[in-house]
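Quick note: the coordinates plus some simple rules give every number you see, no bench work behind them. Quick caveat: nothing in here was measured; it's all calculated off a predicted structure. No Cβ is skipped: glycine too gets one built from the backbone with ideal geometry, and neighbour counts run over all protein chains shown.
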Amino acid sequence: MSETGSPIVSALLDRHGQTFAAELGIDIERNTPSPLFRLLCLAMLTSAPVQADIAMRGARAMADAGWTTPDKLAASSWSQRVEVLNGAGYARVDEKTATQLADFNDTLRSEYDGDLRRLRTAADGDTDTAIKKLTAFKGIGPVGAAIFLREAQAAWPEFYPFADKATLKAAGKLGLGDEAETLSRQVSQSDYVRLVAALVRVQLANDFDAVREAAGPR
């Protein structure tokens, strides 16, 4: 458990403090091309009109298929991608997403040589620029861009503290403030990404009452 002064924060981290990258076995802090690519794939899959758990299943299925680098994904066929996505639960949008995966991967390879650290350099520490460049990928919307930056800031500290509107809305419900700077003062920088992920998870699970109960009287 993180050392914090807030029982609510401690309860959040205890119940939900696993990043989405960590759940997928992605070591973002390595800051190497493959983990960053896998996180971008998750961001792209989450931008599709599917539930968060289906997006996670899709990201895991892609890794199981061996598509952990842009070159490996490029070697897959459209029908293979459809089959993998359909098996992960993308029954309604599997064909569209299979096409978008190829499109966004082509952009990644042509504009950044398959290495998202080049996007980082191009953004030069500006969050708005990073989001603009991320949403330029086919199939990645504002939600997907936010997911990527929420977790990538563990390796790209120039974007710390980052939190999107959905995260801050959940923070507000728990009395933790409604600004990223305020939220960042609740934990160490090393625990901040876990806290942001926990707020996303508590929103997805609608687990606010259980977190309050675990925190005890205020």
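Quick rundown of the values:
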quantity	calculated
Length added when fully stretched, LYS132-THR69, from 0.36 nm per residue minus Cα-Cα	20.4 nm
Dipole of the chain, positive end: most advanced residue of TRP156, LEU108, GLY175 [Cβ charges, Cα centre]	GLY175
Given charges at beta-carbon only (K, R positive; D, E negative), |dipole| of segment 64-218 in Debye	260 debye
Axial C-alpha extent at least 24 Å, average Kyte-Doolittle at least 0.5 - helices from the chain (DSSP)	189-205
Candidate lysines - alpha carbon under 16 Å from LYS96, same-chain residues fewer than 8 apart omitted	LYS138
Expected-Rg normalisation [2.2 N^0.38 Å, Cα atoms] applied to the chain	1.02
Unit charges on C-beta of K, R, D, E only; dipole of segment 22-153, Debye	100 debye
Helix-only mean residue ellipticity at 222 nm for the chain, each DSSP H run of n ≥ 4 adding -39500 (n - 2.57), per residue, nearest 500	-19000 deg cm²/dmol
At 0.692 mPa s and 37 °C, Stokes diffusion of segment 1-95 via Kirkwood alpha-carbon radius, µm² per second	225 µm²/s
